[in-house]
Amino acid sequence: MNISPHFMTKVQTATTILTGKLLRFLRLESLHTPRQRTHPHQQLSFQKALIQSIMASETNPETNPPVEPQAEPTATAAPVTWEGTIKDYFLPSDVDCMLNAGGFDLSNKDDVADNATKIYVRVKNKSMPKQMPPWTQQNPDPAHPLWTDEMCANFKTWMDNEFP
């Protein structure tokens with residue numbers, strides 16, 4: 001089967017957007033909905049309605065303009081190392097947050113290497129670093145920005161090179 005890169009880019013983008021929207025919705029819904037037992041048919045009906053709502057918003061060209069394919073970001077030309085590159089990606093507030101919530105130390109190379117896949121997935125899909133009100137993941141704090149594509153590529157290179 002021959003699938004064009006343009007099609008795969010669109011599929012990946014749609015998957016990322018849908019996953020993010022679904023997770024945000026479920027997080028918000030769990031905060032505002034009292035815990036109660038529901039019949040499985042009610043849950044299924046709710047899930048279908050949620051998916052239809054998300055799909056409808058995704059196909060609206062005003063809220064979701066078409067995504068143009070872009071070249072895959074590449075890592076910097078200099079060697080990517082913990083001391084020279086990666087360590088500086090984690091702000092002191094990130095370190096404090098993960099010590100309290102995540103149970104590992106972002107200022108410690110071994111802890112970051114042990115949790116690298118989880119970290120990479122979260123920064124790549126822009127769900128980390130977490131933004132605090134009034135800032136959001138879609139409108140991040142300039143003093144605490146989300147990782148750029150280059151930063152993500154550098155982190156992936158660091159992982160692929162076995163954490164130099």
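Residues in the stretch 85-121 that are surrounded by 14 or more Cβ atoms within 10 Å (Cβ to Cβ) and either within 15 Å of residue 161 (Cβ to Cβ) or free of Cβ contacts under 8 Å to residues at least 24 places away in the same chain (or both): how many? Summing the residues that are surrounded by 14 or more Cβ atoms within 10 Å (Cβ to Cβ) and either within 15 Å of residue 161 (Cβ to Cβ) or free of Cβ contacts under 8 Å to residues at least 24 places away in the same chain (or both) in the stretch 85-121 gives 20.
Count of the stretch 122-164 residues, restricted to those that are modelled with pLDDT of 95 or more and in contact with an Asp or Glu (Cβ under 6 Å, 6 or more places away or on another chain), is 0.
When residue 143 is tested against (1) over 19 Å from residue 80 (Cβ atoms); (2) in a helix (DSSP H, G or I); (3) of a type outside the set (S, T, N, Q), exactly one condition is not met: (2). Taken over the stretch 136-147, the criterion of being surrounded by 15 or more Cβ atoms within 10 Å (Cβ to Cβ) and among the hydrophobic types (A, V, I, L, M, F, W, C) is satisfied by 146, 147. Which of the residues spanning the stretch 53-91 are over 20 Å from the mean Cα position of the chain (by Cα) and modelled with pLDDT of 70 or more? Correct list: 78, 79, 80, 81, 82, 83, 84, 85.
The values are calculated or read from the model by the stated rules, or taken from the named source; none is laboratory data. Since this is a predicted model, take the numbers as computed values, not measurements. Quick reminder, even Gly has a Cβ in these numbers, built from the backbone with ideal geometry, and neighbours come from all protein chains shown.
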